[in-house]
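Worksheet for the structure shown next.
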Amino acid sequence: MAQRLATEYVKATVQLTELQLNQFLHSAESYHVQSLIKVIGSGEQEIVLEDVNGEEVHLPIVCNDGVYVCELSCRLVNPRLTNVVRKLFVTFKGHGMVNRIYQGFTMMYYYEQGSVRRIAEITPKGSRLVYEYKNTMSDLEQLYQCTEVENEISLLYRDINFWLDQRNKALSDEDITNIDVMLQLYSNKLFFLEA
């Protein structure tokens, strides 16, 4: 099995309430990682996660109306820090792209609401799609709710009734023949749609 060299968070964000932020900070300690919120020079804040070996990662956060937005743009090598940030990202339903870097290839994970939506393998030869989330239940529900065919059948019945009335009113054999051709076309289409 391939050994992961690093994990890279690219354009990834997590939104946290103050309660969730505190939960995260406390949960990091269970992974032997110290966490704190640091205020930097211009009043901005960042979460600092520090491993027992002294390695650390800085995650900038911005507070907007009581919601903390944490932007993850970092490269992690340390397994403990990688695991803590992954837990943050998944638990608090992060969005964005995560690259898992291996010798000779990279796996790109696209997340929405903390769930993997797509995985692509990137190699020097190119890329290939490994996995893509499909919401089959939603697709089936949309198909079930679709009434286009029923609407078209209703319109065909209306048109057939119109041409039957015209046939009853027709005075010449030529008009009846032309109407019969139209009725044949409509009945074939109706048979196709009802099947």
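Points worth noting:
- Computed with a 1.4 Å probe on the full set of protein chains, the accessible area for Ile179 sits at about 20 Å².
- Carbon + sulfur, % of accessible area of the chain - ligands and nucleic acids excluded, 1.4 Å: 52
- When Cys70, Cys146 are compared by accessible area of protein heavy atoms, the largest-first order is Cys146, Cys70, using a 1.4 Å probe.
- About its Cα centre, the chain has a charge dipole of approximately 1020 debye under the convention of +1 per Lys or Arg Cβ and -1 per Asp or Glu Cβ, with nothing else charged.
- Nearest-10 value in Å² for the accessible area of Glu44, using the 1.4 Å probe: 110
- Converting phi to 3J(HN,Hα) with the Karplus coefficients 6.51, -1.76 and 1.60 and the offset θ = phi - 60°, the stretch 180-191 yields 4, 5, 4, 4, 5, 4, 5, 5, 5, 5, 5, 4 Hz in sequence order, with x at every glycine or proline.
- Percentage, to the nearest whole number, of Cα pairs in the chain over 30 Å apart: 50
- Under 5 Å between amide hydrogens, built in the peptide plane, is the criterion, and for Gly94 it picks out Gly114 among residues at least 5 positions away or on other chains.
- Taking the C-alpha atoms only, the angle from helix 79-91 to the longest principal axis of the chain is near 40 degrees.
- Calculated [222 nm] ellipticity per residue, helices only, for the chain: -13000 deg cm²/dmol; basis is -39500 (n - 2.57) per DSSP H run with n ≥ 4, divided by all residues, nearest 500.
- In the context of the full set of protein chains, the stretch 108-195 has a per residue accessible area of 81 Å² (1.4 Å probe).
- Solvent exposure, largest accessible area first (probe 1.4 Å, DNA, RNA and ligands not counted), of Lys38, Lys125: Lys125, Lys38
- Ordered by solvent-accessible area of protein heavy atoms (1.4 Å probe), largest first, the residues His26, His58 come out as His26, His58.
- The slack in the chain from Asp180 to His32, taken as 0.36 nm per residue of separation less the alpha-carbon distance, amounts to 44.9 nm.
The values are calculated or read from the model by the stated rules, or taken from the named source; none is laboratory data. Note that the structure is predicted; figures quoted are calculated from it, not measured. Neighbour counts run over all protein chains shown; Cβ positions are idealised from the backbone, glycine included. Accessible surface areas use protein heavy atoms only, side chains included; no ligands, DNA or RNA. Shrake-Rupley method; radii C 1.70, N 1.55, O 1.52, S 1.80 Å.
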